[in-house]
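> Sharing a structure with you now.
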Amino acid sequence: KNCRPYAMDSSFGRVSSSNGEVRFPLSPAASALVIQKGDITKWSIDDSTDAIVNPANERMLGGGGADGAIHRAAGPDLLQACLKVPEVRPGIRCPTGEARITPGFKLPASHVIHTVGPIYDADSNPAASLASAYRNSLRVAKENSIKYIAFPAISCGVYGYPYHEAATVAISSIKEFPNDFKEVHFVLFSPEIYDTWVNKAKELLKE
Ligand code: AR6
């Protein structure tokens, strides 16, 4: 904890470090969107007010992709905490578009916000469900006094959301949210998704 491997002094819209960190202004002016390459299981900014977002499924009991990596890095206590999240229907702890919070256990980040994005080919309105997953993650973070939050590209892996379309939904959902975060991060595994996100942020978050 307390590690801050990310540069603080970069100017908006410019790549500033080896992990490709690019910062953009958010409203209100004290807040920034930070896009970088990397592994979200390694991310942390602050001892107690940071959270990573887990692109989970409705059962919330782990899986492949980032969900699997997050559970492995957090250790078995994360599964125990997920099991304590009440079911809203048999087997369903977090319906698509909603979000739930647990501690981060062995992760560098202190909290995990579990959200469920749409399965692109199975959802009748994937853009609405994806926007809802981002908004509800931010809402749960705010309710828990989180000041730094890091998202992966929700639904852009196993769930098959085309990432060019997902970029617009992801960045506009964050832009429109009445945020009081210090920083909202994207930590993106794939170079193609990283490039797409940076270009979309340049378009949507004018300096
Ligand atoms: N750090 C950052 N991004 C990552 C990491 C990581 N460690 N690992 C993968 N990604 P996915 P989804 C990227 O499949 O599409 C699970 O089985 C990945 O390259 O993790 O929402 C769950 O249990 C992709 O760009 O999530 C669900 O069943 C993005 O994260 C289902 O997958 C999201 O890919 C959720 O599918």
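The values are calculated or read from the model by the stated rules, or taken from the named source; none is laboratory data. None of these values were measured; they are calculated from a predicted model. Neighbour counts run over all protein chains shown; Cβ positions are idealised from the backbone, glycine included.
> Please go through the range 59-77 and pick out each residue that is surrounded by fewer than 17 Cβ atoms within 10 Å (Cβ to Cβ), farther than 12 Å from residue 41 by Cα and more than 7 Å from the ligand (Cβ to nearest atom).
Within the range 59-77, 59, 61, 76, 77 meet the criteria.
> Can you find even one residue in the range 162-183 that is surrounded by 21 or more Cβ atoms within 10 Å (Cβ to Cβ), within 14 Å of the ligand (Cβ to nearest atom) and under 23 Å from residue 72 (Cα atoms)?
The answer is no, given that none of the residues of the range 162-183 is surrounded by 21 or more Cβ atoms within 10 Å (Cβ to Cβ), within 14 Å of the ligand (Cβ to nearest atom) and under 23 Å from residue 72 (Cα atoms).
> For the range 12-27, indicate whether the set of residues that are of a type outside the set (Val, Ile, Thr), modelled with pLDDT of 95 or more, out of contact with any Pro (no Cβ under 7 Å at 6 or more places or on another chain) and within 12 Å of the ligand (Cβ to nearest atom) is non-empty.
No, the range 12-27 contains no residue that is of a type outside the set (Val, Ile, Thr), modelled with pLDDT of 95 or more, out of contact with any Pro (no Cβ under 7 Å at 6 or more places or on another chain) and within 12 Å of the ligand (Cβ to nearest atom).
> Which of the residues belonging to the range 125-137 are hydrophobic (A, V, I, L, M, F, W, C) and crowded, with 24+ Cβ neighbours inside 10 Å?
130, 133
> Among the residues of the range 75-93, what is the count of those that are touching a strand residue (DSSP E or B) at 6+ places or on another chain (Cβ under 7 Å) and closer than 15 Å to residue 105 by Cβ?
Looking only at that region, the number is 4.
> Continuing with this model, one more query. If we scan the range 184-193, do we find a residue that is farther than 21 Å from residue 39 by Cα, away from the ligand (no atom under 14 Å from the Cβ) and either buried (at least 16 other Cβ atoms within 10 Å of the Cβ) or without any contact (Cβ under 8 Å) to a residue 60 or more places away in the chain (or both)?
No, the conditions are met nowhere in the range 184-193.
> Considering (1) within 22 Å of residue 189 (Cα to Cα); (2) at pLDDT 95 or above, say which one residue 76 fails and leave the rest.
In the conditions (1) within 22 Å of residue 189 (Cα to Cα); (2) at pLDDT 95 or above, residue 76 misses (1) alone.
> If you don't mind, another one. Being more than 16 Å from the ligand (Cβ to nearest atom) and either surrounded by 22 or more Cβ atoms within 10 Å (Cβ to Cβ) or not in a helix (DSSP H, G or I) (or both) is the filter here, so list the residues in the range 194-207 that pass it.
201, 205, 206, 207
> Specify the residue that is nearest to residue 86 (Cα to Cα); the eligible residues are those in the range 38-58 that are within 9 Å of the ligand (Cβ to nearest atom) and of a type in the set (D, E, K, R).
58
> Just to be sure, is residue 154 more than 11 Å from the ligand (Cβ to nearest atom), crowded, with 24+ Cβ neighbours inside 10 Å, at pLDDT 95 or above and of a type outside the set (Gly, Ala, Ser)?
no
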